[in-house]
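**Q** Just passing along the structure, written as structure tokens.
The values are calculated or read from the model by the stated rules, or taken from the named source; none is laboratory data. Everything quoted here is computed from the prediction, not taken from an experiment. Cβ placement follows ideal geometry from the backbone for every residue including glycine, while neighbour counts extend to all protein chains displayed. Heads up: the accessible areas ignore ligands, DNA and RNA and are worked out on the full protein's heavy atoms, side chains in. Shrake-Rupley method; radii C 1.70, N 1.55, O 1.52, S 1.80 Å.
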Amino acid sequence: MKPYVEMTKEELQELRKELSAQYKEFQGRDLKLDMSRGKPSAEQLDISMGMMDVLSSSDDLTCDDGTDCRNYGVLDGIKEAKELLADMMEVAPDHIIIYGNSSLNVMYDTVSRSMTHGVMGSTPWCKLDKVKFLCPVPGYDRHFSITEYFGIEMVNVPMTPTGPDMDLVEQLVAADDSIKGIWCVPKYSNPQGISYSDETVRRFARLKPAASDFRIYWDNAYTIHHLYDNEQDHLIEILAECKRAGNPDMVYKFASTSKVSFPGSGIAAIAASENNLTDIMKQLKIQTIGHDKVNQLRHVRFFGDIHGMVEHMRKHADIMRPKFEAVIETLEKELGGLAVGEWTCPKGGYFISFDSLDGCAKTIVAKCKKAGLVMTGAGATYPYGKDPHDNNIRIAPSYPTLPDLKQAMELFALCVKIVSIDHILSEKA
């Protein structure tokens, strides 16, 4: 079929009648489909169930160095867990702190600490007239929620196929000392699935910010979340690159096992320079006597080492890959050549980004919901929920079963067609 914009008004009206009939048929199915968040499916959770059996009441819960994981202490995490997460994050174990179950919690703490106590002796952000964060868009809604909660002004930076627009990033951070940070999901980004190029990472490491307390919030959430064995994105390690560039303190690197083992019951970590870690430990000593070492030990004994973790992720990939391919296949089959949308084809991560015609995203998502398909709210991938083009929609394939996902994508494509026709007809009127 030719692009909708090339069709006559009469052709579009006739096509819309056919599509409306199909939509009514979908409404009659009483569907309850959920693609609102990137939650692992039950099938994915099942592959980690063996973790529940690696510790029992008869097991020795002592670490190699004699630490009893049942008791207080070891503020920065047991040695074995630090080695496991350090390998996953591609850093040295002495540059890492193991936290609790959520990297989002670590990021919140990091912003909160900067607000109340400053960064390495700098003025606490709460005492400044204005604090700003750069936000690559489209991006991760929960990042934006943290900075919005603390009243930090968010500045949009467009994403490109190689990462954030670095010309703009360099210009902004060099000119404005109220800019204190930038959110980054550098590998298989949320929602586009983009991995930052080598040049982008090197330019990040060589930033010359006006603010001495500027930090890159490097959320490498999908560091080992590949879909394919032979087609994987690779990312330059940011801590080492910052050190080479003479900016060792400029980055906080975050990760967790939330989508490796059990979301909500994994382990999270922050990696940073020695100076940053010393600063963080001042708060940690007051905040806790130590995180869950039994859970840390459970992860170590289940995975063994990074090789065990990589093998485990292949099982995740075997479940995720058909779902991603089903989404792409449906979009190409139903929308290819119609010039009503564009979409990404990631090699890993948890999301596919869809860009509709400008001004159509909210209507598409609402129309999907009326027929029983819940998606991430349009606008969620932008600070304050305000997508200036109203065109970005995050597709989260992981949670539904494959049959449900295929049905959901057929409905999604149908809604895109109907809303796009209405948009084009309104412009022809």
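**Q** Out of Glu14, Glu80, I need the residue that is in contact with a Cys (Cβ under 7 Å, 6 or more places away or on another chain) and outside any loop (DSSP other than H, G, I, E, B). Which one?
**A** Values: Glu14 fails: in contact with a Cys (Cβ under 7 Å, 6 or more places away or on another chain).
When all the criteria are applied, what remains is Glu80.
**Q** Does Gly151 qualify as being at positive phi, outside any helix (DSSP H, G or I) and open to solvent by 50 Å² or more (accessible area, probe 1.4 Å)? Outline the logic, then answer.
**A** Details: at positive phi: yes; outside any helix (DSSP H, G or I): yes; open to solvent by 50 Å² or more (accessible area, probe 1.4 Å): yes.
Yes; evaluated as a whole, the condition is true for this residue.
**Q** Let me ask you something else. Among the numbered conditions (1) open to solvent by 60 Å² or more (accessible area, probe 1.4 Å); (2) part of a loop (DSSP other than H, G, I, E, B), tell me where Ser426 comes up short.
**A** (2)
**Q** What are the residue pairs meeting all of these: first residue in the range 74-92, first residue under 21 Å from Pro248 (Cβ atoms), second residue open to solvent by 50 Å² or more (accessible area, probe 1.4 Å) and assigned to a helix (DSSP H, G or I), Cβ atoms under 7 Å, and 6 or more apart or on different chains?
**A** Partner pairs satisfying both residue conditions: Lys82/Pro93; Ala86/Pro93.
**Q** How many residues does the range 391-423 hold that are polar (S, T, N, Q), open to solvent by 10 Å² or more (accessible area, probe 1.4 Å) and either touching a residue at least 60 places away in the same chain (Cβ under 8 Å) or at positive phi (or both)?
**A** Going through the range 391-423, the residues polar (S, T, N, Q) turn out to be 391-392, 398, 401, 407, 420.
Still in the running and open to solvent by 10 Å² or more (accessible area, probe 1.4 Å): 391, 401, 407.
Applying the additional criterion that residues be either touching a residue at least 60 places away in the same chain (Cβ under 8 Å) or at positive phi (or both) yields 401, 407.
Residues meeting the conditions: 2.
**Q** A further question on this structure: Examine the range 104-126 for a residue that is over 20 Å from Ala272 (Cβ atoms), of a type in the set (A, V, I, L, M) and open to solvent by 30 Å² or more (accessible area, probe 1.4 Å), and state whether such a residue exists.
**A** no
**Q** When the residues of the range 281-308 are filtered to those that are surrounded by fewer than 21 Cβ atoms within 10 Å (Cβ to Cβ) and aliphatic (A, V, I, L, M), which remaining residue is farthest from Glu90 (Cα to Cα)?
**A** Ile286
**Q** Applying the selection to the range 357-387, what residues are in a loop (DSSP other than H, G, I, E, B) and over 21 Å from Ala339 (Cβ atoms)? Outline the logic, then answer.
**A** Taking the range 357-387 and keeping what is in a loop (DSSP other than H, G, I, E, B), we get 357-360, 371-372, 376-382, 386-387.
Within the range 357-387, Ala371, Gly372, Thr376, Gly377, Gly379, Ala380, Thr381, Tyr382, Lys386 meet the criteria.
**Q** If you take the residues in the range 47-96 that are open to solvent by 90 Å² or more (accessible area, probe 1.4 Å) and not charged (D, E, K, R), which one is farthest from the chain's Cα centre (by Cα)?
**A** Per the criteria, the residue is Ser58.
**Q** Please identify the pairs in which a residue from the range 355-377 that is in contact (Cβ under 8 Å) with a residue 40 or more places away in the chain has its Cβ atom under 8 Å from the Cβ atom of a residue that is open to solvent by 40 Å² or more (accessible area, probe 1.4 Å) and among the polar types (S, T, N, Q), counting only partners at least 6 apart or on another chain.
**A** Lys370/Gln27; Ala371/Gln27; Gly372/Gln27
**Q** Follow-up. Out of (1) within 30 Å of Val419 (Cα to Cα); (2) within 20 Å of the chain's Cα centre (by Cα); (3) in a helix (DSSP H, G or I), what's the single condition that is false for Phe26?
**A** The failed condition is (2).
**Q** Residues Asp141, Asp165, Asp176: which one is under 30 Å from Ile224 (Cβ atoms) and without any contact (Cβ under 8 Å) to a residue 60 or more places away in the chain?
**A** Criteria check complete, one pass: Asp165.
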